Every structure is written in C-alpha cells, then in structure tokens.
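Following: one structure in structure tokens, then a few remarks.
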Amino acid sequence: MANIQQKNYRIILNSKILTRETRISAFLKLGEYLKSKELRESPFLENIIHRNAWYTRDNVLQQIDAFSSNLTSDKLENWLREVPNHNIDKSVGLVLAGNLPLVGFHDIMTVLLAGFKAQIKVSSDDAGLTKFILDHLFEIEPLFKERVQFVEKLEHYDLVIATGSNNSARYFEYYFGKKPNIIRKNRNSISVLSGHETAEELKDLGHDIFDYFGLGCRSVSKIFIPLDYNIPNLLDNFESFQGIKDHTKYNNNYDFNKSIYLINRNKHFDNGFLLLKEDESLASPLAVVHFEYYDSIEKVEEYINSHRDEIQCVTTEMDLNKVDVPVFPLGSSQHPSLDDYADNINTLSFLLNNQ
C-alpha cells in the first residue's frame with residue numbers, strides 16, 4: 001500500500017511540474033542554446049542547405065538570432081502576464097508554412113507557453129529544422145515532449161492555427177471551419193519613402209527587401225515614392241546586397257523576370273540583381289519590387305487601409321498615424337517582437353479565449 005501511495009505521489013508531483021514559470025524557464029534556456037557556439041557548430045546546420053536551398057546558413061542563423069533576442073526573462077514575463085499557471089488540456093493543431101526557416105516557430109512557442117498541447121504538421125520545405133530545435137527543448141524540459149506531437153494529418157484537435165496561401169486557405173476553412181481557428185492567407189509588406197531618407201536608411205530598406213530572399217510576408221514587395229523621386233539613387237544604395245545574385249535559385253528568378261520584361265518591353269529599372277517596376281499590384285515576383293508614385297501621403301494611407309487584409313506591415317521613417325496595420329522603421333520588418341503577430345491577429349489572446 002505504501003508503494004502505491006508513493007507512486008501516486010510522484011504522479012501528482014509530476015503533473016504540477018510544467019507550471020507557467022517552468023515553461024518560461026525552459027524557453028529561457030532554449031534562448032541560451034540558440035545563441036551558443038554549440039548550435040553554430042552543429043553538423044545539422046551545415047547540411048540543411050542540401051535539404052532546402054533557400055535555407056542558407058546565414059538565413060537560418062538570422063532567424064534563430066531573431067528568436068533568441070526575444071527569449072529574455074523581461075520580454076517573456078511581460079508577454080505572458082495573463083497566461084495561467086496550470087496546463088490546459090486542449091490540443092492546438094498547427095499547420096506550418098515553410099517559406100522561411102522556423103516561420104511557424106512563434107505559433108509553437110505561443111501554444112506551449114500558454115499551456116496547451118501542440119499537434120504539428122510541418123511543411124515539406126521545413127528541412128527538419130523545427131524538430132531539431134524542439135528536440136533540444138525536450139532535452140531541457142522532457143515534459144514538453146508529452147505535449148507535442150508531429151503528425152502528417154491533424155486529428156483530435158480542439159483549435160487550429162493554419163498558415164498557407166489564398167488557395168490553401170479555402171481548403172483550411174472547409175476542413176477546420178467548425179473549430180475555433182486562425183487561418184492565414186497571403187500577405188505582403190510595403191515601404192513608404194519621403195525622398196529625404198539618408199543613405200543608411202535606404203540601406204536599411206534593403207534588409208526589408210532582400211532578407212530571406214524576399215520570400216516572407218514581412219518582405220517589402222512594393223514601395224511608394226514621391227513624384228520626383230530619384231530611383232537610380234535608391235538602387236545605388238542597395239549595392240551592398242549584390243551578393244544575393246550568387247544564389248542560384250534567386251538569380252534564376254531574376255533572369256526569368258528580366259527576360260519577360262525585356263520581351264514585353266515593360267519599362268523597369270535594373271541594378272543587376274533587383275528589378276524595380278512601376279505597377280499597382282501589391283504582390284511582386286521574386287527578385288522584383290513594384291513601385292508607385294504618390295502626390296499626397298493621405299492617398300497612401302487610404303491605400304494601406306483599403307488593403308489592410310493583404311498587408312502584413314509597413315516600413316517607413318514617416319509618421320503614418322492613420323493606418324490600421326503595424327508600422328516599423330526602415331530595416332526592421334524582419335525583427336518582430338513577441339506581440340507582433342502574423343496577420344495582426346493576437347494568437348495568445350485567441351488561445352486564452354478558447355482555453
């Protein structure tokens with residue numbers, strides 16, 4: 001009888017270990033690992049580009065550094081101040097994109113830190129990176145392993161967060177619409193220039209355009225410029241990014257789009273690795289950025305608000321006080337904080353409202 005009671009006592013203790021504080025502590029240790037020399041010397045990172053050519057070592061480390069910068073005690077405590085101390089016996093189905101390294105990790109982190117279980121369907125483009133990071137989290141705190149499941153098909157879930165294209169969103173809505181859900185579609189980001197930006201600020205804009213090859217929803221695909229703007233000067237300030245043309249897949253897209261524009265006699269600007277084309281469309285092909293002239297900032301703000309469901313964020317050094325999307329300084333679109341949510345939907349509030 002004593003042995004049975006002792007065994008039950010251990011079970012009760014174990015069920016209480018994964019508290020809010022324990023979850024935060026584990027992610028703080030994960031943040032330390034993400035900054036470590038051990039990770040940077042991992043053979044896995046050396047070989048990942050062979051599984052997905054877009055996941056270059058520099059891009060993977062940039063994303064890892066962006067996450068680790070947010071995994072501090074002050075930031076996590078402030079972000080999670082409304083999260084309960086107990087575990088929540090609900091499973092969140094996560095359908096992750098794979099256009100960027102670890103693009104779905106914020107969703108995973110939010111689900112686990114909020115106390116939910118996660119059922120994860122990774123993208124075929126993920127190259128094993130998500131599991132690689134989570135396996136280290138499990139080493140730090142083994143109880144998380146009991147609350148994470150990698151699946152090919154979501155089953156027996158209570159909530160869903162699914163990220164994909166406009167086409168896949170229709171599929172998601174059909175299959176997941178009966179459960180509480182967040183379903184994300186295509187989005188792009190834009191920049192608004194005054195014409196008075198410094199050379200350093202324009203170089204910062206280059207990060208909004210070229211980081212991750214422009215594949216992300218936070219990548220700037222369109223720029224608004226004043227009527228008398230000096231476009232060649234803009235391109236000159238991007239010269240430090242010319243190494244991007246050495247990436248075969250990016251350069252193939254650049255060559256293809258350049259050929260199309262030349263054949264069709266579409267007017268465009270070309271600096272050897274980026275094409276600028278005047279176009280009203282928000283989304284642009286890879287290696288292309290659209291631009292549009294404006295004669296009043298009020299019209300730009302009207303455009304932004306009328307396209308708010310298609311825009312992830314705006315980068316600018318101007319004061320845009322009348323827009324309904326997040327606005328960041330030039331160069332910071334790819335460095336969101338913990339509460340800069342995809343599609344501007346508060347994922348943490350969604351979870352806590354459905355616990």
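Positive-end ranking of 99, 85, 219 along the dipole of the chain, with charges on Cβ about the Cα centre, is headed by 85. For the range 323-337 and the range 146-201, what is the separation of their C-alpha centers, rounded to whole Å? That distance is 18 Å.
Taking Cβ atoms as reference points and 15 Å as the exclusive limit, the residues near residue 168 contribute a net charge of +3, counting Lys and Arg as +1 and Asp and Glu as -1. Using the alpha-carbon positions of the range 2-186, Rg (one decimal) and Dmax (whole number) come out as 17.6, 60 Å. Based on alpha carbons, the Rg and Dmax found for the range 188-328 are 14.4, 42 Å. Comparing 74, 204, 340 in a Gaussian network model of the chain, where Cα atoms under 10 Å apart are tied by springs, the biggest mean-square fluctuation is seen for 74.
Summarised in one figure, the compactness ratio Rg/Rh of the chain, Cα atoms and Kirkwood Rh, is 1.01.
The range 97-131 and the range 13-71 have Cα centres spaced 12 Å apart. Straight-distance candidates among the lysines for linking to residue 75, with alpha-carbon spacing under 26 Å and chain neighbours fewer than 8 residues away dropped: 16, 29, 35, 37, 90, 117, 131, 145. All other residues whose Cβ lies under 10 angstrom from that of residue 158 are scored, Lys and Arg at +1 and Asp and Glu at -1, for a net of +2.
Counting only Cβ charges, +1 for Lys and Arg and -1 for Asp and Glu, the dipole size of the chain around its Cα centre is about 1820 debye. Ordering 55, 341 from the fewest to the most neighbouring beta carbons within 10 Å gives 341, 55. Neighbour counts of other Cβ atoms within 10 Å put 327, 111, 92 in the fewest-to-most order 327, 111, 92. When 187, 51 are arranged by Cβ crowding within 10 Å, least crowded first, meaning fewest neighbours, the order is 51, 187. Averaging the sequence gap over all C-alpha pairs within less than 8 Å and six or more residues apart, then dividing by the number of residues, gives the chain a relative contact order of 15 percent. Both numbers refer to the Cα atoms of the range 292-355; Rg and Dmax are 13.8, 49 Å. Cross-link pairs exceeding 27 Å between alpha carbons, from the set 222/258; 222/249; 153/185; 249/322: 249/322.
If you run the Gaussian network model on the chain, springs between alpha carbon atoms under 10 Å, then out of 99, 47, 59 the most flexible one is 47. Largest GNM mean-square fluctuation among 50, 207, 106, using the chain with Cα springs under 10 Å: 50. Summing Lys and Arg as +1 and Asp and Glu as -1 over all other residues whose Cβ lies under 12 Å from the Cβ of residue 240 gives a net charge of -3.
Where both partners of a DSSP beta bridge lie in the chain, what percent of those bridges are antiparallel, to the nearest 5? Percentage antiparallel, nearest 5: 5.
Every number in this text was worked out from the coordinates using simple rules, so none of it is lab data. Since the structure is predicted, the reported quantities are computational estimates derived from the model, not experimental observations. Using ideal geometry, Cβ is built from the backbone for each residue, glycine included, and neighbour counts are taken over all protein chains shown.
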